[in-house]
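Remarks on the structure that follows.
We did not get these values from a lab; they are worked out from the coordinates using the rules stated. Note that the coordinates shown come from a computational prediction; the quantities given were computed from them, not determined experimentally. Here the Cβ positions follow ideal geometry from the backbone for every residue, glycine too, while neighbour counts run over all protein chains shown.
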């Protein structure tokens with residue numbers, strides 16, 4: 001009886017996966033942390049394919065890079081800073097902290113959203129503390145849900161994140177990051193993580209990967225992204241993988 005239940009569950013998961021149903025593994029890649037460096041940001045936006053770009057609100061180049069990405073047919077995300085476990089990490093111009101009231105969360109989200117044009121979704125910047133707290137995440141999801149067609153990507157900086165659960169309860173379309181392409185900036189790490197991304201895509205049918213506008217990351221993506229199609233993997237916009 002137990003074995004039958006497991007098989008039925010596995011079949012349901014296969015049917016539910018849009019990637020497996022389509023017959024080809026799919027990968028969506030987000031480049032985070034745009035907004036400070038103009039040259040690195042522009043180089044990133046020049047990457048081939050439907051890469052998404054997550055822009056930090058209130059940063060000096062946020063508007064220009066978001067507009068440039070949109071002009072080049074790329075999806076733009078609001079890279080919303082959420083409080084991390086370490087106070088030293090929370091130094092962005094705009095962000096949401098645990099000491100904020102419901103009204104402050106709403107006001108801060110509005111400021112952040114208005115500072116980045118052409119946003120189609122929101123993904124978390126850091127957030128290893130705040131994404132663990134259902135109350136604040138509920139407030140945030142209410143704000144996201146109040147805007148038509150916005151979705152949420154949990155960057156998943158802690159295994160204790162409740163973001164996906166709260167998003168589901170609030171009726172917000174959401175997906176979780178599977179692979180960090182560059183947990184450090186070494187070319188060897190980026191290459192290893194890129195191969196991991198492809199293996200996981202072939203196993204699961206779809207993968208969400210996040211990288212940053214680091215030199216090693218951009219060099220590898222410039223070289224390897226054009227090869228994905230010949231390797232049987234489809235690069236898709238992040239919006240296509242949001243549940």
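A few comments on the model shown:
- Restricting the first member to the stretch 171-186 and to residues that are on the phi > 0 side of the Ramachandran plot, and the second to residues that are surrounded by 20 or more Cβ atoms within 10 Å (Cβ to Cβ) and not in a strand (DSSP E or B), the beta-carbon pairs closer than 9 Å and six or more apart or on different chains are 171/141.
- Of the residues making up the stretch 196-210, those that are surrounded by 19 or more Cβ atoms within 10 Å (Cβ to Cβ) and assigned to a helix (DSSP H, G or I) are 197, 198, 201.
- Cβ separations smaller than 8 Å between residues 6+ apart or across chains give the following pairs from the stretch 125-136 residues that are more than 23 Å from residue 30 (Cβ to Cβ) to residues that are surrounded by 21 or more Cβ atoms within 10 Å (Cβ to Cβ): 134/166.
- Yes/no for residue 183 being assigned to a helix (DSSP H, G or I) and over 24 Å from residue 113 (Cα atoms): no
- The set of residues from the stretch 149-164 being within 16 Å of residue 124 (Cβ to Cβ), surrounded by fewer than 16 Cβ atoms within 10 Å (Cβ to Cβ) and in contact (Cβ under 8 Å) with a residue 12 or more places away in the chain comprises just one member, 160.
- Residue under evaluation residue 206, criteria (1) touching a strand residue (DSSP E or B) at 6+ places or on another chain (Cβ under 7 Å); (2) under 18 Å from residue 31 (Cβ atoms); (3) in contact (Cβ under 8 Å) with a residue 60 or more places away in the chain, criterion not met: (2)
- Close pairs from the stretch 217-243: first at positive phi and in contact (Cβ under 8 Å) with a residue 40 or more places away in the chain, partner assigned to a helix (DSSP H, G or I) and surrounded by 16 or more Cβ atoms within 10 Å (Cβ to Cβ), Cβ under 8 Å, at least 6 apart: none
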